[in-house]
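The values are calculated or read from the model by the stated rules, or taken from the named source; none is laboratory data. These numbers were taken from a predicted model, which means no experiment stands behind them. All Cβ positions, glycine included, derive from the backbone under ideal geometry; neighbour counts span all protein chains shown.
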Amino acid sequence: MDWKQLWEICSAPDNVPIVGMIPLLIFYCYLAWKQAKANDDLIGELETNPALAKTHHRKSWPFRPGWQKEVHVWPFLLRIEFLATMIVTIILMVWSITLYAPLEEPANPNLTMNPAKAPWYFLGLQEMLVYFDPWIAGVVMPTLIIIGLMIIPYIDTNPLGSGYYTWKQRKFAIGTFLFGFIILWVSMIIIGTFIRGPGWQWFWPGQTWDHNRLIYEVNRDLPDLFGIASNAGKAIFGAIVVGAYYVLGGFGVHAFFRRYNPKDYKRMSLLQYSLMQFFLLTMVALPLKMLLRLGFNIKYVWITPWFNV
Amino acid sequence: MAEDNSNGKNGNRVGLLQRVKAGVQEDVQSLKTDMPAKAKEQVEGLKDPTKTQVFTSIFRHKHDDTPRNRALGVLSNVFLHLHPAKINRDAVRYSYTWGMGGITFYLFIVLTFTGVLLMFYYHPTKVQAFRDVLYLEHDVPFGKLLRNMHRWAAHLMVIAVWLHMFRVFLTGSYKKPREFNWNIGVLLLVFTLLLSFTGYLLPDDQLGFWAVTVGTNMARATPMLGHEGPFGKMMGMTPYNDVRFGLLGGSIVDANALLRSYIWHCIGIPIVASVLMIVHFWRVRKDGGISGPAQVMLTAEGDKPRRQV
């Protein structure tokens, strides 16, 4: 266990925000979960008790008749905002006095940094470079992430859970988002920061970064495993595999979705449904491709003269 | 008139000297009596500064502790009128909003402030840039604090934006009628990351240089628009005319890239982001204020129009 190495990574000034973000994220997940649980309990109670549902104020916060439903912004909200700015300012002050922003040697194109890492918030995308070609990891994926985020309000047809925390009413939406945000985005950043060392090789936390380490890995392409040698054969085979993933996967999602989410299934238009299918399957493809690479040393699934997937 | 001149003398007319003397006496007397009175009045007036003309010219209403004045305090203030006069009593609870949207905005202000100060010391040229950072670090009063605060506030802003998006998703706040504002928010997320990314190069050190090299190398692989991307060659892309060349103002990260980075970082993106922020805040109000904590909905109510609170 190389504690020094571990400390060097964790205490690198630019990594401190990530180290800080992890407990912050856990705390806010807990805070959200606590409120979701309270609301779900309340919903469960009201669903079984229609009489209470008519009179209840419908919130898990306490409320008594006679209490005002609204409060003045001045001072009740403004004092909180003021306090928030004060606290943030203090945190920033302490942080800026105790921790210095990094400054390396002057830029030198002839001396490559190893590892050369992107800013920490893009490390998820850089990690994807291991599994995908740059045009997918660097261009298509960010584009799909942005578009995917933007269409969320238009494909989520579930009217429940607007304006309050809940889990039971929106299991699919929240599960998908958590998968995308926590598993695919945040944990990739954590891997990129703490695990990836020189040569972008995998170093477990506490393992010394060995700049001379060589890993002998033979990466294969999926068509090779099936003995397909011709270029045309590889292109067609890959197209079939990728196509089959979307068709079979789509069928699987369909079977799952119409059973467990019948109301949303009924509400969704064809366009909404196919967009949801496409983005969900594309998202799930990332860990699958990672598994193929890390588990079976498979580099490409689909090889064409113009691009490789 | 004729009567006055009847005896050929000046009669009982008062001479000029006497008149002046009497006048001066009167003035002295008035100073003695009026000034203390006025001074007293002045002091009395200062006991209630809200009645002074200066005060009333600045604040358009009284400062009384009445509901009307509390509302006016928010509504008649250009900075505070982003807020409604009154809000949902539970909306001021920290556990619902986490305050992350407001903190993001505050960090943007902090960054603008520290950023403008940094601009006084920084030349975006290849020879000067790195020296300017050294100068800031070692010679400028509070220069180190300034640079540290700019960097840490930027990192914190990225985290705050993510947490804000996370909260908005978990509370279903992107649902009708807030779909459009969610989209503005996604764009703001992208611009926040781009702001941070363009700032990364500016110290012109190894860290920034290689991070931006790694980042922009991906642009080479843009399908059709990058010279290494799928179909790039077919579209006639070379290292000297593709999208990466446009981003960097050259085929390598050099002086032009530094200048472009600087202009996007200090002028271009902040303007676009500010405009989007204006729209974002405006739409928060127009779409009915912050989304909750709203009353929970029961499954049966899901397909009916939303209950009016």
Index of the failed condition, A:V94 passing every other in (1) exposed (fewer than 15 other Cβ atoms within 10 Å of the Cβ); (2) at the interface with chain B (Cβ under 7 Å from one of its Cβ atoms): (2)
Pick from segment B:124-134, criterion over 25 Å from B:L156 (Cβ atoms) and part of a loop (DSSP other than H, G, I, E, B), ranking: nearest to the other protein chains (Cβ to nearest Cβ): B:K126
Test set (1) of a type in the set (G, A, S); (2) more than 8 Å from every other protein chain (Cβ to nearest Cβ); (3) closer than 30 Å to B:R151 by Cα - A:A116 fails condition number: (2)
Among (1) part of a helix (DSSP H, G or I); (2) within 30 Å of B:K176 (Cα to Cα), the one test that B:Q295 misses: (1)
Breaking point among (1) crowded, with 22+ Cβ neighbours inside 10 Å; (2) more than 7 Å from chain A (Cβ to nearest Cβ), for B:L170: (2)
Residue pairs meeting the criteria (Cβ under 7 Å; at least 6 apart or on separate chains; first closer than 15 Å to A:K299 by Cβ, in segment A:198-225; second among the charged types (D, E, K, R)): A:N219/A:K299; A:R220/A:K299; A:D221/A:K299; A:P223/A:K234
Hits in segment A:155-170 (condition: without any contact (Cβ under 8 Å) to a residue 60 or more places away in the chain and either out of contact with any helix residue (DSSP H, G or I) (no Cβ under 8 Å at 6 or more places or on another chain) or surrounded by fewer than 19 Cβ atoms within 10 Å (Cβ to Cβ) (or both)): A:S162, A:G163, A:R170
Residue check, A:F177 outside any loop (DSSP other than H, G, I, E, B), closer than 30 Å to B:V243 by Cβ, at pLDDT 90 or above and within 10 Å of chain B (Cβ to nearest Cβ): no
Residue identified as within 27 Å of A:N39 (Cα to Cα), in a helix (DSSP H, G or I) and out of contact with any strand residue (DSSP E or B) (no Cβ under 6 Å at 6 or more places or on another chain) among B:N181, B:N148: B:N181
Residue in segment B:134-148 that is among the aromatic types (F, W, Y) and touching a residue at least 24 places away in the same chain (Cβ under 8 Å) present: no
Residue match in segment B:165-173 (condition: over 22 Å from the mean Cα position of the chain (by Cα), within 30 Å of A:Y30 (Cβ to Cβ) and among the β-branched types (V, I, T)): yes
